[in-house]
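Below is one structure, written out as structure tokens; comments come after it.
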């Protein structure tokens, strides 16, 4: 028995090492005093310093932030409405439209939105990126909010209604505060997904609307310097912090998918 | 009256998100379906759908792009190649994920959440960063590759190149999709009743038999779910072959990207996207069907 458990542990440790070693390497080389991601030369923070003087990078970070905040705000409102509607009413088309963008290969959504925007003469840029991000974030928010609603005590809303509250009042004063952790977790998730998205942004972006992932892509394709490692490390820290907050607020929501 | 009010609420609450998803998801997808039957525009892109230069409506459709797809074996081959890459990725993910999921499922309850979280965490770092990490590891100057080649040299073998090969693409695909295999497997294995294994042991089955006759067959729904979750996104990916694959390792996603952004033949790009969608939906359907059958 012990020998078999040992083998299982060995396989699992290999799997965890496989998952983490690459990320550790990226972070480690961001502090390496060499242009090449090869030998360890010495510790430096100069790549981080260079980052903060890189105009393109700062512009991309600002774009990403703007897109992330707008897209997550709008998709949180729509996603909460969708999650509530699916929980409370019999919706036929909505669940399908919530799940389909998550289920199909991302590239399809990217190219179909590209055709759509060009045909409608909506110029590719910040607006088209934000509209696209909202479209793929709604589903994730809706799923988190719905699972939160499913765990709620229905009788509380009923009690509010029996005591004469209008449906809107009952929602605003009873239901909404109760599902708030789910809503906030959904918003953080949407923000993370938006900040991280590459494929859909790649097809819906235009000149002057480069986001952080697009900037990283360009640097990886053209000239790799440890600046990429530095921005990657910062981005990882940001995502990690947001996800930990989201999972504190709504335990289990991360496993919902 | 309450019924009517209920309906009003339903559309007041469900209507706006529904409308948004219709406009920014369903309609674009439908336009792509139509686009696959249109002619390319004179300057790339798409021939105007609603009217031509004179302003008169034009609805002529053509299957020319589909004809081109089916007559040129190059594209079928590309799909087969992408299919093979996705299939290999799925199998490698299964082999790495299974022992891990099993270990988590058999760990004490208080450790499980942490062990699962450790699987998900890397998934939340940016996709490009995870691919870039392999560019460092597999690059010709990397510590890993130099050491490997020195070792190969000891045995008198030629040094190998790893970056910009199909091998690098598969590694990248496995790395990015691994959590999608671990989670459904774990969700399934966690529910197994340990009494079944005890019973099998009492009846004289050794560990090997207990796994292949009890644990594995019971875990099949998890295997199918994980396989679908890995295979479908892996099939359509373009960034991994783009960064790690070089010219040899390109997949169908790269050609779709190329048709839309470089060649600008949108009808043909739409045809390729349609074939990809049909394949993805067919595989998802197949996985669901097999899973349902195996349950009864």
Practice task
List every residue pair whose Cβ atoms sit under 7 Å apart, with the two residues 6 or more apart in sequence or on different chains, where the first one lies in region A:4-22 and is more than 7 Å from chain B (Cβ to nearest Cβ) and the second, anywhere, is modelled with pLDDT of 90 or more and loosely packed, with under 12 Cβ neighbours inside 10 Å.
Solution key: none
Handout entry: Breaking point among (1) at the interface with another protein chain (Cβ under 9 Å from one of its Cβ atoms); (2) under 23 Å from residue A:26 (Cβ atoms); (3) surrounded by fewer than 19 Cβ atoms within 10 Å (Cβ to Cβ), for residue B:149
Key = (1)
Practice task
Return the only residue of B:242, B:202 being more than 14 Å from the chain's Cα centre (by Cα) and more than 9 Å from chain A (Cβ to nearest Cβ).
Solution key: B:202
Handout entry: Scope region A:36-66; condition within 11 Å of another protein chain (Cβ to nearest Cβ) and surrounded by 13 or more Cβ atoms within 10 Å (Cβ to Cβ); matching residues
Key = A:36, A:37, A:38, A:64
Problem - Among the residues listed as A:129, A:69, the single one being within 15 Å of the chain's Cα centre (by Cα), more than 14 Å from chain B (Cβ to nearest Cβ) and either surrounded by 17 or more Cβ atoms within 10 Å (Cβ to Cβ) or over 25 Å from residue B:278 (Cα atoms) (or both) - result: A:69
Practice task
With the condition kept exactly as written, say whether any residue in region B:158-180 is over 22 Å from residue A:24 (Cα atoms), touching a residue at least 60 places away in the same chain (Cβ under 8 Å) and not in a loop (DSSP other than H, G, I, E, B).
Solution key: yes
Handout entry: Total residues in region B:247-296, condition under 30 Å from residue B:161 (Cα atoms), touching a helix residue (DSSP H, G or I) at 6+ places or on another chain (Cβ under 9 Å) and more than 12 Å from chain A (Cβ to nearest Cβ)
Key = 3
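This table checks each residue for (1) within 22 Å of residue A:96 (Cα to Cα); (2) buried (at least 20 other Cβ atoms within 10 Å of the Cβ).
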residue: B:222; (1), (2): no, yes
residue: B:236; (1), (2): yes, yes
residue: B:248; (1), (2): no, no
residue: B:267; (1), (2): no, yes
residue: B:271; (1), (2): no, yes
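Let's see how each residue does on (1) modelled with pLDDT of 75 or more; (2) within 30 Å of residue B:227 (Cβ to Cβ); (3) in a helix (DSSP H, G or I); (4) facing chain A (nearest Cβ under 9 Å):
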residue: B:7; (1), (2), (3), (4): yes, no, yes, yes
residue: B:34; (1), (2), (3), (4): yes, no, yes, no
residue: B:48; (1), (2), (3), (4): no, no, no, yes
residue: B:53; (1), (2), (3), (4): no, no, no, no
residue: B:59; (1), (2), (3), (4): no, no, no, no
residue: B:77; (1), (2), (3), (4): yes, yes, yes, no
residue: B:89; (1), (2), (3), (4): yes, yes, yes, no
residue: B:94; (1), (2), (3), (4): yes, yes, yes, no
Exercise for the section: Kindly list the number of the only condition in (1) assigned to a helix (DSSP H, G or I); (2) more than 8 Å from every other protein chain (Cβ to nearest Cβ); (3) more than 19 Å from residue B:234 (Cα to Cα); (4) out of contact with any helix residue (DSSP H, G or I) (no Cβ under 6 Å at 6 or more places or on another chain) that fails for residue B:84. Expected result: (3)
Exercise for the section: Hey, could you check region A:216-238 for residues that are within 27 Å of residue A:135 (Cβ to Cβ) and crowded, with 22+ Cβ neighbours inside 10 Å and say which is farthest from the other protein chains (Cβ to nearest Cβ)? Expected result: A:231
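Quick grid of which residues meet (1) over 29 Å from residue A:108 (Cβ atoms); (2) at the interface with chain B (Cβ under 9 Å from one of its Cβ atoms); (3) free of Cβ contacts under 8 Å to residues at least 60 places away in the same chain:
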site: A:184; (1), (2), (3): yes, no, no
site: A:191; (1), (2), (3): no, no, no
site: A:195; (1), (2), (3): no, yes, no
site: A:200; (1), (2), (3): no, no, no
site: A:205; (1), (2), (3): no, no, no
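The values are calculated or read from the model by the stated rules, or taken from the named source; none is laboratory data. Given the structure is predicted, the values throughout are model-derived calculations rather than measurements. Cβ: placed from backbone, ideal geometry, glycine included. Neighbour counts: every protein chain shown.
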